[in-house]
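> Please read through the structure below; I'll follow up with questions.
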Amino acid sequence: MKLATLKDGTRDGQLLVVARDLKTASIADGIAPTLQRALDDWNFIAPQLEELYARLNAGRAANSFEFDPGACMAPLPRAFQWADGSAYVNHVELVRKARQAEMPESFWHDPLMYQGGSDDFIGPQDDIALASEEWGIDFESEVAVVTGDVPMGVKVQHAGDYIRLLMLVNDVSLRNLIPAELAKGFGFFQSKPACSFSPVAVTPDELGEAWKDGKVYLPLRSSWNGVLVGQANAGVDMVFSFPQLLAHLCKTRQARAGTILGSGTVSNKDASKGYSCIAEKRALEMIGGGAALTPYMRFGDSVKIEMLDKNGKSIFGAIEQGVVEYHRNY
């Protein structure tokens, strides 16, 4: 099943069911007004959404219309929780090596994770508006899951049962603000502005055999200014699966329905697969030649993040965004 949220002038938008081929959609009228409402009562509401999804795919859904990703908000325009892991330890290792910092051995068995702002996500085709290029604007291509209610202390072998949906993420980072923030010993804040998600969230069954052991074994395509710069496989070199990340998140707390959990920047050890963020490209340049040559994003740049199935069809729709200068309107 594929779900999206239509812009309707409200904070939380209107829930859509989207056809598998992403060509048509239908408002989930009379089933659930928003995705959060569906997640809150998933066992009751999901089967009704599935019925509408089946009718839509068969061309029998009443009042269906052409699906427009540009008219969508993030599937969850705001969420009760957004936590981002760093499951691709290769990425962490490269970035630390570039600045000649040793990587603690614990990073291989104890996941890194931070809690980001979840009250204001960007739509999949909304501009990334920032006040300064000097902040070091970077994209980060990731995969994320959306959960139901997850109990505290959940075991890894059971954590996957609470995964409801998957999405793609652009976890925008301001690289030049990060060092000073981390030096305070209190984590990210200003260096992590609002991030964006794919137009569509999908249930795990939509991925077929590509969803295995809590990982997505498909390339995640990242394009910068129209040039494909990365196609790392999201399942390969993912040290911590989503069930492992979820168990880590819930060690000391519950996670409520609508929690979003990110994988961290997708990264493969095989450098020929390119990069999912500019920081990794710069790290490789520093390791290989002693200096970073690739600049960060500028106003006017664009980024596209997409995942295709084995037949070359888009699964989640694409995140397609431009970077623009922010001007206060007050």
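The values are calculated or read from the model by the stated rules, or taken from the named source; none is laboratory data. Remember, it's a predicted structure, so these values are computed and weren't measured experimentally. As a convention, Cβ positions derive from the backbone with ideal geometry for all residues, glycine included, and neighbour counts pool all protein chains shown. For the accessible areas, the whole protein counts, side chains as well, though only heavy atoms, and no ligand, DNA or RNA atoms are used. Shrake-Rupley method; radii C 1.70, N 1.55, O 1.52, S 1.80 Å.
> L112 - would you say it is under 15 Å from L261 (Cα atoms) and in contact (Cβ under 8 Å) with a residue 24 or more places away in the chain?
For L112, the condition - under 15 Å from L261 (Cα atoms) and in contact (Cβ under 8 Å) with a residue 24 or more places away in the chain - is met.
> Looking at region 152-173, can you tell me whether even one residue there is under 19 Å from the mean Cα position of the chain (by Cα), more than 22 Å from A201 (Cβ to Cβ) and either aliphatic (A, V, I, L, M) or modelled with pLDDT of 95 or more (or both)?
Within region 152-173, one or more residues are under 19 Å from the mean Cα position of the chain (by Cα), more than 22 Å from A201 (Cβ to Cβ) and either aliphatic (A, V, I, L, M) or modelled with pLDDT of 95 or more (or both).
> Going by the structure shown, is L245 under 16 Å from the mean Cα position of the chain (by Cα), of a type in the set (A, V, I, L, M, F, W, C), modelled with pLDDT of 95 or more and part of a helix (DSSP H, G or I)?
So L245 passes the test.
> With respect to V229, determine if the residue is out of contact with any Leu (no Cβ under 6 Å at 6 or more places or on another chain), open to solvent by 10 Å² or more (accessible area, probe 1.4 Å), in a loop (DSSP other than H, G, I, E, B) and among the β-branched types (V, I, T).
It is false that V229 is out of contact with any Leu (no Cβ under 6 Å at 6 or more places or on another chain), open to solvent by 10 Å² or more (accessible area, probe 1.4 Å), in a loop (DSSP other than H, G, I, E, B) and among the β-branched types (V, I, T).
> I've got another one for you. Taking the criterion of being in a strand (DSSP E or B) and in contact with a Ser or Thr (Cβ under 8 Å, 6 or more places away or on another chain), would at least one residue in region 118-127 satisfy it?
yes
> Please specify each residue of region 175-218 satisfying the condition of being closer than 26 Å to I137 by Cα and open to solvent by 50 Å² or more (accessible area, probe 1.4 Å).
Scanning region 175-218 gives N176, P179, A180, L182, A183, K184, G185, F186, F188, F189, Q190.
> In the list W224, W211, which residue meets the criterion of being closer than 15 Å to S276 by Cα and among the hydrophobic types (A, V, I, L, M, F, W, C)?
On inspection, the qualifying residue turns out to be W224.
> Go through F316, F299, F242 for me and flag whichever is out of contact with any Pro (no Cβ under 8 Å at 6 or more places or on another chain) and surrounded by 21 or more Cβ atoms within 10 Å (Cβ to Cβ).
After applying the criteria, what remains is F242.
> Restricting to region 40-57, count the residues that are in contact with a Gly (Cβ under 8 Å, 6 or more places away or on another chain) and closer than 22 Å to G208 by Cα.
1
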